[in-house]
Every structure is written in structure tokens, then in C-alpha cells.
């Protein structure tokens, strides 16, 4: 395992070269979030104020939802890893991994982890200051156990995000350009994961359909644990579904690699 720890160390060092880019991306990411928070505040004022509920959420819960989404996104989001994997395949850079005792999936997972650690280290302070600005409406988890299960769900969410992106990037073995597929996947994730709005406000039948897909478990489910919405049987069922989708995505990633490597060819030195 020492070689993978070394990959993480090298990944952190490489990502630190882009720390200003990370900071700028985080700061500009607060602009649409701020607009969304003020939009919901205006909607609640028209519904009767902070005590009104929309989709079962009060104003404080809605603001806490979007702030928790920002936290989950910072900890688990894939940052161009799928593009880098597709480029490795397209440019023939994976040839070196076929001759070395390094598993490419674990190699990319280490780089993904290094990128998240670096990003969190850079944006932790501005994100904390942003949350403090809304501390009047920011809710903490109702119990320490909920916070613990939130951490477990975060780990599964990060794995699911990475494995789905990795599997999608494996299409580079068969097609020259994977950008269309990545953009389509991103659009579905943005809408169906609860990033744009809480899934509670959707019709019940559509919510039920959504929860048979992996998308809610990439964002909405860990946030619902944080807010105390997922407890008891709902918590265990959600965690079981997360484990199921992670296992399925892992098998899909391994299968795509095994099939793709048979079609792979590279020339040159």
C-alpha cells in the first residue's frame, strides 16, 4: 500500500500548485449559492415568513439544506477526474500501468482523494465564514449519532461519485470524445441528486422513481441525514442502497476496464 500513499502525497503536491484556482472557484461558487438563498428567502416571505413550510422545509431547514449541499459537494465532488482518465486512455498514457504493479483504478482513486484533501484545505476558511454569515438559520445535526452516520454516508457518496465518473470515462476505449456523455451525466446528476432543489418538493411518485436511481445517493441522501430527515428504517434503507450502488458501480468500473483494455492499442515510445 505504500505506493498508493506515495501517489496521494504526489497528488497533494501537484494540486497545491493550483490552490489559487481552487480558492477562486470556491469564492465564485458562493455567488449562485447566495442568489439561491435569497431567492428562497423571498419565496418564504411570500408564503408567510420563516414559519411557513415548502416541501416540509422551514426557511431555516431550506437554508441549512443548501449550506449542507455546499459542504457535501466540497468533500465529494469529482473535479475533472473523468476528463483526465479519458485523456490518459486517448493519449496512450495508461500503457505504463499495464507494465507496473499499480492498479489504475486505485491510482485514480488516490489522486481523487488527494484533490479533495487539497480543495478542502483551501476552501475550509471561506466556506466556514460563509456559513457563519447565515448562522441564524444554519442547523446542526440533531444528535452525534446522526453526525456519525452523515460521515459514513459522505464516504459512500465520494466513492459513488468517483466510480460513476470513472466508469463513464472508460467509454474513451470505444469513442474518441466522451464529453457529450459526461455532460449528459452531469445534467442528470445536477437535477436528480438534489443539487438544484430538495427532492421533497417533487411529486411523491417522481420521488419514488428517483430513489431507484443512484443520483439521490450522490447528494440528497447524506444531506437528509445531516438535517435529521433520514432516521430509523429510512436511514438503514438509504445506507443499504448507497452500498448497493457503490458495489454495482465498482463492478461496472472493473468490467468496463477489462473489456476496454482488450480493445486498447498504443504505438510509439
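Residues in the range 176-197: is at least one in contact with a strand residue (DSSP E or B) (Cβ under 8 Å, 6 or more places away or on another chain), touching a residue at least 24 places away in the same chain (Cβ under 8 Å) and in a loop (DSSP other than H, G, I, E, B)? Please lay out each step first, then the result.
Keep residues of the range 176-197 that are in contact with a strand residue (DSSP E or B) (Cβ under 8 Å, 6 or more places away or on another chain), which gives none.
Among the residues of the range 176-197, not one is in contact with a strand residue (DSSP E or B) (Cβ under 8 Å, 6 or more places away or on another chain), touching a residue at least 24 places away in the same chain (Cβ under 8 Å) and in a loop (DSSP other than H, G, I, E, B), which makes the answer no.
Here is a list: 7, 69. Which entry is outside any strand (DSSP E or B), closer than 24 Å to residue 184 by Cα and in contact with a helix residue (DSSP H, G or I) (Cβ under 7 Å, 6 or more places away or on another chain)? It would help to see each step written out before you state the result.
Values: 7 fails: closer than 24 Å to residue 184 by Cα.
None of the others qualify; the one that does is 69.
Name, by its number, the condition in (1) surrounded by fewer than 16 Cβ atoms within 10 Å (Cβ to Cβ); (2) out of contact with any strand residue (DSSP E or B) (no Cβ under 9 Å at 6 or more places or on another chain); (3) over 30 Å from residue 174 (Cα atoms) that does not hold for residue 47.
(2)
In this structure, does residue 162 turn out to be over 19 Å from residue 112 (Cβ atoms), touching a residue at least 12 places away in the same chain (Cβ under 8 Å) and touching a helix residue (DSSP H, G or I) at 6+ places or on another chain (Cβ under 8 Å)? Show your work before the answer.
Values: over 19 Å from residue 112 (Cβ atoms): no; touching a residue at least 12 places away in the same chain (Cβ under 8 Å): yes; touching a helix residue (DSSP H, G or I) at 6+ places or on another chain (Cβ under 8 Å): yes.
Here the answer is no, as residue 162 does not meet what is asked.
Condition first: within 14 Å of the chain's Cα centre (by Cα), touching a residue at least 24 places away in the same chain (Cβ under 8 Å), in a helix (DSSP H, G or I) and on the phi < 0 side of the Ramachandran plot. Can you find one or more residues in the range 119-136 that meet it? Before the answer, list the steps.
Let us first name the residues in the range 119-136 that are within 14 Å of the chain's Cα centre (by Cα), namely 119-120.
Next, from what is left, pick out any that are touching a residue at least 24 places away in the same chain (Cβ under 8 Å): 119-120.
Next, only the ones that are in a helix (DSSP H, G or I) stay: 119-120.
Now restrict to residues that are on the phi < 0 side of the Ramachandran plot: 119-120.
So far as the range 119-136 goes, yes, one or more of its residues are within 14 Å of the chain's Cα centre (by Cα), touching a residue at least 24 places away in the same chain (Cβ under 8 Å), in a helix (DSSP H, G or I) and on the phi < 0 side of the Ramachandran plot.
Return yes or no: is residue 237 buried (at least 20 other Cβ atoms within 10 Å of the Cβ), at negative phi, at pLDDT 90 or above and in a helix (DSSP H, G or I)? Please lay out each step first, then the result.
Details: buried (at least 20 other Cβ atoms within 10 Å of the Cβ): no; at negative phi: yes; at pLDDT 90 or above: yes; in a helix (DSSP H, G or I): yes.
No, not satisfied.
Determine whether the range 137-149 contains at least one residue that is closer than 18 Å to residue 28 by Cα and loosely packed, with under 15 Cβ neighbours inside 10 Å. Spell out the reasoning first.
Quick first cut of the range 137-149, residues closer than 18 Å to residue 28 by Cα only: none.
No: the range 137-149 contains no residue that is closer than 18 Å to residue 28 by Cα and loosely packed, with under 15 Cβ neighbours inside 10 Å.
Restricting to the range 199-216, name every residue that is in contact (Cβ under 8 Å) with a residue 40 or more places away in the chain and surrounded by fewer than 16 Cβ atoms within 10 Å (Cβ to Cβ).
Matches in the range 199-216: 201 only.
Could you please let me know if residue 196 is surrounded by fewer than 17 Cβ atoms within 10 Å (Cβ to Cβ) and closer than 15 Å to residue 71 by Cα? Full working, then the answer.
Numbers: surrounded by fewer than 17 Cβ atoms within 10 Å (Cβ to Cβ): yes; closer than 15 Å to residue 71 by Cα: yes.
Considered against the rule, which asks whether it is surrounded by fewer than 17 Cβ atoms within 10 Å (Cβ to Cβ) and closer than 15 Å to residue 71 by Cα, residue 196 comes out as yes.
For the list (1) in contact (Cβ under 8 Å) with a residue 12 or more places away in the chain; (2) touching a helix residue (DSSP H, G or I) at 6+ places or on another chain (Cβ under 9 Å); (3) closer than 22 Å to residue 218 by Cβ, I need the number of the one condition that residue 61 fails.
Only one criterion in (1) in contact (Cβ under 8 Å) with a residue 12 or more places away in the chain; (2) touching a helix residue (DSSP H, G or I) at 6+ places or on another chain (Cβ under 9 Å); (3) closer than 22 Å to residue 218 by Cβ is unmet by residue 61, namely (2).
Cβ-Cβ below 9 Å, separation at least six or inter-chain, first residue in the range 248-267 and under 21 Å from residue 156 (Cβ atoms), second modelled with pLDDT of 90 or more and assigned to a loop (DSSP other than H, G, I, E, B): which pairs?
Once the first residue is under 21 Å from residue 156 (Cβ atoms) and sits in the range 248-267, its partners that are modelled with pLDDT of 90 or more and assigned to a loop (DSSP other than H, G, I, E, B) give 248/214; 249/214.
The values are calculated or read from the model by the stated rules, or taken from the named source; none is laboratory data. These numbers were taken from a predicted model, which means no experiment stands behind them. Note that each Cβ is placed from the backbone with ideal geometry, even for glycine, and that neighbours are counted across all protein chains shown.
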